[in-house]
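Q: Could you have a look at this structure, given as structure tokens, before my questions?
The values are calculated or read from the model by the stated rules, or taken from the named source; none is laboratory data. Predicted, not measured: the structure shown is a model, and the values here were computed from it. Using ideal geometry, Cβ is built from the backbone for each residue, glycine included, and neighbour counts are taken over all protein chains shown.
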Amino acid sequence: QKEVEQNSGPLSVPEGAIASLNCTYSDRVSQSFFWYRQYSGKSPELIMSIYSNGDKEDGRFTAQLNKASQYVSLLIRDSQPSDSATYLCAVNLGYSTLTFGKGTMLLVSP
Amino acid sequence: GAVVSQHPSWVICKSGTSVKIECRSLDFQATTMFWYRQFPKQSLMLMATSNEGSKATYEQGVEKDKFLINHASLTLSTLTVTSAHPEDSSFYICSALTSTGTNSPLHFGNGTRLTVT
């Protein structure tokens, strides 16, 4: 069974700290990886995509991909209370749509 | 770009009635759209894949006669919850891929919160 796994959390960090969110996936041939943020009661919004090994930075967000280890992570620098949300990892596992992890809840305390 | 519009954003209906939810891709054509359901504090659950001009593909356990999907054009898919019951109360979200390539992300509509009384 192909799948995407995330720790459900909550991950609690103080304001200003770095939040590190992790995701593992089961299919070695996956080529595209995405991070979505979902606020409570809202639909998911795309925040990062990454397709090749290494780091990709966008503002305070850095996505890291290691295909050999089948591992993708999201770092949030200078975490803010407004970053408190559930973060969903999504991977193209060859199905018609993306496969989502169950999400990690992030809580940033002031 | 890649805006998916969903309407209505919330709806309250009485048990036994039907509710239609619309999903539109505003600035791209979507041959395939996806319908998700999410109960409070739970993860996204894919209900069905909506294909333009053909029948939808439903996930295991989703009743196709209860959740009617129509994808009549490249920019519009509709989900009709027929004979709704309180247990159908949930957050319904549509999404679409901007292309069929493996690098295409999913873009989500804002969701529809359905409450059946």
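Q: What single numbered condition from (1) under 13 Å from the mean Cα position of the chain (by Cα); (2) at pLDDT below 95 fails to hold for A:Thr97?
A: (1)
Q: For residues in segment A:1-27 being more than 14 Å from every other protein chain (Cβ to nearest Cβ) and in a loop (DSSP other than H, G, I, E, B), which is modelled with the lowest pLDDT?
A: That would be A:Ser26.
Q: Can you name the condition, by its number, that B:Gln6 falls short on among (1) over 25 Å from A:Leu93 (Cα atoms); (2) more than 9 Å from chain A (Cβ to nearest Cβ)?
A: (2)
Q: Next question. Of these, B:Asn110, B:Asn70, which one is out of contact with any Phe, Trp or Tyr (no Cβ under 9 Å at 6 or more places or on another chain) and facing chain A (nearest Cβ under 10 Å)?
A: That would be B:Asn110, the only listed residue that is out of contact with any Phe, Trp or Tyr (no Cβ under 9 Å at 6 or more places or on another chain) and facing chain A (nearest Cβ under 10 Å).
Q: Then there is this: Could you give me the residue pairs with C-beta distances under 6 Å whose first residue belongs to segment A:78-101 and is more than 9 Å from chain B (Cβ to nearest Cβ), whose second residue is of a type in the set (Ser, Thr, Tyr) and in a strand (DSSP E or B) wherever it lies, and which are 6+ apart or on separate chains?
A: Correct list of pairs: A:Tyr87/A:Thr104; A:Val91/A:Tyr25; A:Val91/A:Thr99; A:Leu93/A:Thr99.
Q: Filter segment B:59-103 for residues that are of a type in the set (A, V, I, L, M) and buried (at least 19 other Cβ atoms within 10 Å of the Cβ) and give the result.
A: Once the filter is applied, which keeps residues that are of a type in the set (A, V, I, L, M) and buried (at least 19 other Cβ atoms within 10 Å of the Cβ), segment B:59-103 yields B:Ile69, B:Leu79, B:Val81, B:Ala84, B:Ile93, B:Ala96, B:Leu97.
Q: Among (1) touching a His at 6+ places or on another chain (Cβ under 9 Å); (2) within 25 Å of A:Gln38 (Cα to Cα), where does B:Asn51 come up short?
A: Result: B:Asn51 passes all but (2).
Q: Somewhere in segment B:52-69, is a residue basic (Lys, Arg), part of a loop (DSSP other than H, G, I, E, B) and within 27 Å of A:Tyr87 (Cα to Cα)?
A: Looking for residues that are basic (Lys, Arg), part of a loop (DSSP other than H, G, I, E, B) and within 27 Å of A:Tyr87 (Cα to Cα), one finds none in segment B:52-69, hence no.
Q: Still on this structure: Step by step: first the residues of segment B:1-31, then only those that are outside any loop (DSSP other than H, G, I, E, B) and aliphatic (A, V, I, L, M), then the one that is nearest to B:Lys55 (Cα to Cα). Which residue is that?
A: By that ranking, first place goes to B:Ile21.
Q: Here is a follow-up. When you scan segment B:96-115, how many residues do you find that are touching a His at 6+ places or on another chain (Cβ under 9 Å), modelled with pLDDT of 95 or more and of a type in the set (Ser, Thr, Tyr)?
A: 1
Q: How about segment B:39-51: which of its residues are among the hydroxyl-bearing types (Ser, Thr, Tyr) and assigned to a strand (DSSP E or B)?
A: Correct list: B:Thr49, B:Ser50.
Q: Of everything in segment A:33-68, what is charged (D, E, K, R) and in a loop (DSSP other than H, G, I, E, B)? Give them in sequence order.
A: Within segment A:33-68, A:Lys42, A:Arg60, A:Lys67 qualify.
Q: Could you check segment A:33-53 and list, in sequence order, the residues that are closer than 11 Å to A:Leu74 by Cα, at the interface with another protein chain (Cβ under 7 Å from one of its Cβ atoms) and surrounded by fewer than 21 Cβ atoms within 10 Å (Cβ to Cβ)?
A: A:Ser49
Q: If I ask for residues that are in contact with a strand residue (DSSP E or B) (Cβ under 9 Å, 6 or more places away or on another chain) and either over 18 Å from B:Gln38 (Cα atoms) or among the basic types (Lys, Arg) (or both), which ones from segment B:83-116 would you list?
A: Within segment B:83-116, B:Leu97, B:Thr98, B:Thr100, B:Asn103, B:Ser104, B:Pro105, B:Arg113 qualify.
Q: Same structure again: Do the conditions hold for B:Asn51, that is, is it of a type in the set (S, T, N, Q), more than 14 Å from every other protein chain (Cβ to nearest Cβ) and surrounded by fewer than 22 Cβ atoms within 10 Å (Cβ to Cβ)?
A: When the stated conditions are applied, B:Asn51 does not pass them.
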